[in-house]
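Visitor: Please read through the structure below; I'll follow up with questions.
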Amino acid sequence: AGAHVLIEKPMCLSSVEADEIVAASQRFDRLVAVDHMRSFDPLTLRAKALVSSGQLGSIVRISVGYSHDYLQRRHADPAARWMADLPGGWVFDLMPHVLCLVDDFLPDVEVAHTTLRHNDDGVITDLACVLTSPAGDAQVHMSLDVVPLKNLVEIECTRGTVRVDFRNVLLTVRRHRG
């Protein structure tokens, strides 16, 4: 009682539940935070520092690519089996990783377009989104079919690009030489 709250993602299963959590935190003057590893990953922090320093200019576009081996693991891995019970399946569990990365660099994004691809069993295998914001655009692609697995974000700016590859723990910067 009276404690601040740290919630593992997903925070809840509906926007109604999210509103209730926020209202309770305000009513009891307590902080509520959703745990998400990518926002504080050293690679993300380094990329944010590079972008916010102005060295690369302003953001034009962000591309996020994320693939997962859910289809191979879903019958043996307890975490993968859990995803099947979520309202949006694996997308509901994995999309916060992708959206968090976009939000770290482009706040206030809105969905402009979404495309889904299903396999013969009706399972969503690919999700592609185009997001827009006053500060730039983002393209997101999540897949159960892409191999080798990937987990990366590329931030294209007016004077250079920073690419973060979380699977291989690499940060690459390409500066415009003009």
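Visitor: Which one is least open to solvent (accessible area, probe 1.4 Å), of the residues in the range 42-79 that are without any contact (Cβ under 8 Å) to a residue 40 or more places away in the chain and under 17 Å from Asp93 (Cα atoms)?
Guide: Asp77
Visitor: Next question, about the same structure. Out of curiosity, is Val34 within 21 Å of the chain's Cα centre (by Cα) and closer than 30 Å to Arg177 by Cβ? Even if it seems obvious, please write down each step before you answer.
Guide: Numbers: within 21 Å of the chain's Cα centre (by Cα): yes; closer than 30 Å to Arg177 by Cβ: no.
No, not satisfied.
Visitor: Condition first: among the small types (Gly, Ala, Ser) and at pLDDT below 95. Now tell me which residues in the range 114-142 satisfy that.
Guide: Correct list: Gly122, Ser133, Ala135, Gly136.
Visitor: Right, here's the next one. Tell me, which strands (runs of 3 or more DSSP E) wholly within the range 122-178 include 2 or more residues that are open to solvent by less than 40 Å² (accessible area, probe 1.4 Å)?
Guide: Once the strands (runs of 3 or more DSSP E) in the range 122-178 are filtered for at least 2 residues that are open to solvent by less than 40 Å² (accessible area, probe 1.4 Å), what remains is 124-133, 136-143, 151-157, 160-165.
Visitor: Starting from the range 154-167, keep only residues that are among the hydroxyl-bearing types (Ser, Thr, Tyr), then list their pairs with residues that are open to solvent by less than 20 Å² (accessible area, probe 1.4 Å) and assigned to a strand (DSSP E or B) whose Cβ atoms are within a distance under 7 Å, requiring at least 6 positions of separation or different chains.
Guide: Note: pairs meeting the criteria are Thr161/Ile155.
Visitor: In addition: Do you know which residues across the range 23-41 are open to solvent by 70 Å² or more (accessible area, probe 1.4 Å) and either farther than 30 Å from Arg117 by Cβ or among the small types (Gly, Ala, Ser) (or both)?
Guide: Within the range 23-41, Gln26, Arg27, Phe28, Asp29, Arg30, Leu31, Phe40 qualify.
The values are calculated or read from the model by the stated rules, or taken from the named source; none is laboratory data. Fair warning: this is a prediction, and the values are worked out from it, not measured in the lab. Don't worry about glycine lacking a Cβ; one is built from the backbone with ideal geometry, like all the others, and counts go over all protein chains shown. Each accessible area value is taken on the protein alone, full model and side chains, heavy atoms only, with ligands, DNA and RNA left out. Shrake-Rupley method; radii C 1.70, N 1.55, O 1.52, S 1.80 Å.
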